[in-house]
Ligand SMILES: [Zn+2]
């Protein structure tokens, strides 16, 4: 019996399973919010209290529902993308504004 071979195979299978699990975790973490019914309202995380209506730039079809990919920044009009670390939309512009989704 080629013992070394089977250990190698097992390692290969483990690596594959681990990679799959990591990818699944990343996908779950990168989940951008679903498109709300009606208007998209955001709030500047630095200056909360003021509700701003956001313009939708890009959508992604996800499990029969629409998820927001990017919104237009109300400050510099550049696209804002979902940042799972902040649980908010982050502007890709130089000022790096962070806007929370309201509601
Ligand atoms: Zn901006």
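The values are calculated or read from the model by the stated rules, or taken from the named source; none is laboratory data. Computed from a predicted model, the values in this text were never measured in an experiment. Don't worry about glycine lacking a Cβ; one is built from the backbone with ideal geometry, like all the others, and counts go over all protein chains shown.
Every listed requirement among (1) loosely packed, with under 15 Cβ neighbours inside 10 Å; (2) within 16 Å of the ligand (Cβ to nearest atom) is met by residue 60 save one, (2). In the set 28, 54, 94, only one residue is part of a loop (DSSP other than H, G, I, E, B) and either away from the ligand (no atom under 16 Å from the Cβ) or at pLDDT 95 or above (or both); that residue is 94.
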